[in-house]
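Please read the structure below before turning to the comments.
The values are calculated or read from the model by the stated rules, or taken from the named source; none is laboratory data. Keep in mind the model is a prediction, meaning the values are calculated, not measured. When we count neighbours, we look across all protein chains shown, and the Cβ atoms used for this are built from the backbone with ideal geometry, even at glycine. We work out accessible area using only protein heavy atoms, side chains counted, and drop any ligands, DNA or RNA first. Shrake-Rupley method; radii C 1.70, N 1.55, O 1.52, S 1.80 Å.
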Amino acid sequence: MQTPSHVLRVTGWHKTYQTIAYAQGIYLYDTQGKRYLDAIAGTHVNTIGHGCAEIGAAMAEQAQKISFVHKAVFTSEPQEELARVIAQLAPSGMQRVCFATGGSTANEIALQMAQYYQMEKGRTRASKVISRWHSYHGRTIATLSLSGNISVRRNLPLSHLDFPHIPAPTCYHCPFGKQYPDCGLACADALATTIEQEGPESVAAFIAEPIIGGSGSAVVPPLGYYERIREICDRYDILFIAEEIITGFGRTGKNFGSDHWNAIPDIITAGKGLSSGYAPIAAIIVHDKVADTLINGKRQGIPTFTTYSGHPISCAAAVAVQNYVKQHDLVARGALIGEYLKNALLELAQQEPLIGEVRGKGMMLGVEFVQDRATHQPFPRTTKLVGTIVSTALRHGLVLRGQVGTGTTPDGDHILISPPLVITEAECDELVGLLATTIAEVKLSLKINV
Ligand code: PMP
């Protein structure tokens with residue numbers, strides 16, 4: 001008989017949850033002894049694998065030195081060291097870093113920073129931040145307002161802040177019904193159109209995930225997209241915020257997702273891989289152009305921090321994680337093993353017509369399920385396809401997370417596969433084998449005949 005839980009299960013009132021007792025590498029073990037292959041690294045967080053003793057040791061050592069100091073009064077050694085480490089990894093000219101407790105708070109800080117930047121430039125009405133449909137930026141009211149995930153937005157009772165959205169660069173379901181390159185990058189030019197419609201003086205920034213994460217399951221924009229975006233942002237002097245909460249710190253085979261394009265952002269927000277989930281922390285990495293304007297401006301600082309941002313123990317964990325990533329060359333390894341996993345998924349797709357597309361970079365790979373491969377026709381939401389795939393996979397000991405929507409409709413089913421960068425080839429084979437078993441079983445249970 002289990003003792004009744006006092007946890008209010010905000011993620012699903014009536015769901016039952018297994019208790020995970022411990023984890024090692026890419027595997028989780030519950031209290032019943034069942035093993036799970038974590039193909040999503042706890043939602044795209046863990047990069048170095050579970051159970052790295054040196055990270056726990058670094059956190060314990062820091063806890064014994066100082067548990068907490070407030071950043072408005074003091075700094076700490078791990079915060080200084082972490083900012084140094086990040087500045088070395090960041091794109092050229094991005095040398096200033098501040099910290100947040102997670103993705104939502106990092107994005108909040110970034111958008112307020114953009115507004116303060118515009119005020120310093122004398123553009124006192126520039127408060128809007130433009131984002132894209134098919135995006136997710138967090139759970140605070142401002143970051144939900146930025147988020148363009150249709151299903152998330154439709155389920156909310158609240159009214160949104162006035163942040164406009166432009167279509168996402170989803171070639172597989174092009175919102176303009178066009179094909180690259182004949183489209184002329186209409187999805188990027190939509191930014192200029194929207195700035196003109198809103199009034200250039202009212203816009204502070206544009207925010208986008210370099211590779212679309214949870215909402216799109218690893219949608220990679222077409223060649224030249226971010227270069228065009230950069231050019232439009234420069235034309236109107238609005239800031240380009242690269243939202244790298246998932247793509248930052250090695251997930252896509254480079255330090256940052258932005259490194260895949262020739263378009264340096266003005267601000268990067270990056271989180272999950274920073275501490276690989278060993279402690280809550282995210283970073284806001286700021287270009288000198290923005291930092292210098294703020295530092296030389298009218299204000300003595302900008303009050304965008306929260307109490308625990310830059311927490312010394314989280315910073316110590318993140319320094320130890322980034323040292324581990326460097327010592328084991330995990331970014332390059334993630335790129336290589338990601339290719340292996342992508343090829344294995346492409347082979348599965350050749351045999352399995354339910355899979356319409358395999359996409360992504362590095363260890364951020366998407367698999368989209370369709371009714372018709374030729375037309376990319378999705379299943380309606382009523383089929384509950386991806387939900388059934390996720391629950392069936394869990395029974396088989398494979399942890400997946402389902403995502404829905406094409407960017408223009410709530411229909412559409414896909415999964416974002418993002419295991420830790422330390423996964424081996426044999427473990428990739430096991431992952432793909434479990435996925436194949438799962439798909440076969442789901443097709444039978446839902447009577448899908450493709
Ligand atoms: N942006 C992206 C792309 C995310 O995936 C997430 C979390 N899933 C967030 C922002 C929000 O981060 P957090 O939940 O840490 O606030």
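Report, by residue number, each residue of region 29-77 that is among the hydroxyl-bearing types (Ser, Thr, Tyr) and within 30 Å of ILE211 (Cβ to Cβ).
Those that are among the hydroxyl-bearing types (Ser, Thr, Tyr) and within 30 Å of ILE211 (Cβ to Cβ): TYR36, THR43, THR47.
Out of ALA58, ALA87, ALA63, which single residue is over 27 Å from PRO221 (Cβ atoms) and either surrounded by fewer than 20 Cβ atoms within 10 Å (Cβ to Cβ) or among the basic types (Lys, Arg) (or both)?
On the way: ALA58 fails: either surrounded by fewer than 20 Cβ atoms within 10 Å (Cβ to Cβ) or among the basic types (Lys, Arg) (or both); ALA87 fails: over 27 Å from PRO221 (Cβ atoms).
Residue meeting the stated conditions: ALA63.
Looking at THR424, THR409, THR437, THR383, can you tell me which residue is hydroxyl-bearing (Ser, Thr, Tyr) and surrounded by 15 or more Cβ atoms within 10 Å (Cβ to Cβ)?
THR383
Taking interchain pairs and intrachain pairs at least six residues apart, which have beta carbon atoms under 6 angstrom, with the first residue in region 61-82 and closer than 11 Å to ALA316 by Cβ and the second surrounded by fewer than 16 Cβ atoms within 10 Å (Cβ to Cβ)?
If the second residue must be surrounded by fewer than 16 Cβ atoms within 10 Å (Cβ to Cβ), the pairs left are SER76/VAL69.
Pull up region 168-185, narrow it to residues that are buried (at least 17 other Cβ atoms within 10 Å of the Cβ) and more than 18 Å from the chain's Cα centre (by Cα), then point me to the one that is farthest from ASP372 (Cα to Cα).
Top of the filtered list is LEU185.
Return the pairs, sorted by first residue and then second, in which the second residue is part of a strand (DSSP E or B) and more than 13 Å from the ligand (Cβ to nearest atom), the first residue lies in region 254-278 and is under 11 Å from GLY102 (Cα atoms), the beta carbons are less than 7 Å apart, and the residues are 6+ apart or on different chains.
ALA270/ILE285
Matching residues to (1) within 16 Å of the ligand (Cβ to nearest atom); (2) at pLDDT 95 or above:
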{"position": "GLY33", "(1), (2)": "no, yes"}
{"position": "ASN46", "(1), (2)": "yes, yes"}
{"position": "ILE55", "(1), (2)": "no, yes"}
{"position": "LYS65", "(1), (2)": "no, yes"}
{"position": "PHE68", "(1), (2)": "no, no"}
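I'd like the full set of residues that are touching a residue at least 24 places away in the same chain (Cβ under 8 Å) and not aliphatic (A, V, I, L, M), limited to region 148-158.
Passing the criteria: GLY148, ASN149, SER151, ARG154.
Has region 73-94 got at least one residue that is assigned by TED's automatic domain parsing to the domain that holds GLY310 and at positive phi?
Yes, the conditions are met somewhere in region 73-94.
Regarding region 283-303, can at least one residue be identified that is within 16 Å of the ligand (Cβ to nearest atom), part of a loop (DSSP other than H, G, I, E, B), open to solvent by 20 Å² or more (accessible area, probe 1.4 Å) and under 19 Å from SER104 (Cβ atoms)?
No.
Identify the single condition in (1) within 16 Å of the ligand (Cβ to nearest atom); (2) at positive phi that GLY51 does not satisfy, given that it satisfies every other one.
If we test GLY51 against (1) within 16 Å of the ligand (Cβ to nearest atom); (2) at positive phi, just (1) comes out false.
Has region 363-380 got any residue that is under 20 Å from GLY257 (Cα atoms), touching a residue at least 12 places away in the same chain (Cβ under 8 Å), of a type in the set (D, E, K, R) and outside any loop (DSSP other than H, G, I, E, B)? Walk me through how you get there before you give the answer.
Kept after step one, since they are under 20 Å from GLY257 (Cα atoms), are these residues of region 363-380: 363-367.
Then keep just the ones that are touching a residue at least 12 places away in the same chain (Cβ under 8 Å); that gives 363-367.
Restricting the remaining residues to those that are of a type in the set (D, E, K, R) gives none.
No, region 363-380 contains no residue that is under 20 Å from GLY257 (Cα atoms), touching a residue at least 12 places away in the same chain (Cβ under 8 Å), of a type in the set (D, E, K, R) and outside any loop (DSSP other than H, G, I, E, B).
Among residues belonging to region 84-94 that are part of a helix (DSSP H, G or I) and over 18 Å from ALA279 (Cα atoms), point out the one that is nearest to the ligand (Cβ to nearest atom). Full working, then the answer.
Here is the first cut: in region 84-94, the ones part of a helix (DSSP H, G or I) are 84-89.
Applying the additional criterion that residues be over 18 Å from ALA279 (Cα atoms) yields 84, 87-89.
Details: ARG84: 24, ALA87: 22, GLN88: 24, LEU89: 19 Å.
Out of the qualifying residues, it is LEU89.
Identify the residue in region 95-149 that is more than 9 Å from the ligand (Cβ to nearest atom), among the β-branched types (Val, Ile, Thr) and surrounded by fewer than 21 Cβ atoms within 10 Å (Cβ to Cβ) and, among all such residues, is farthest from THR306 (Cα to Cα).
THR124
Does SER92 qualify as being in contact with a helix residue (DSSP H, G or I) (Cβ under 8 Å, 6 or more places away or on another chain) and in contact (Cβ under 8 Å) with a residue 12 or more places away in the chain?
Details: in contact with a helix residue (DSSP H, G or I) (Cβ under 8 Å, 6 or more places away or on another chain): no; in contact (Cβ under 8 Å) with a residue 12 or more places away in the chain: yes.
The answer is no for SER92.
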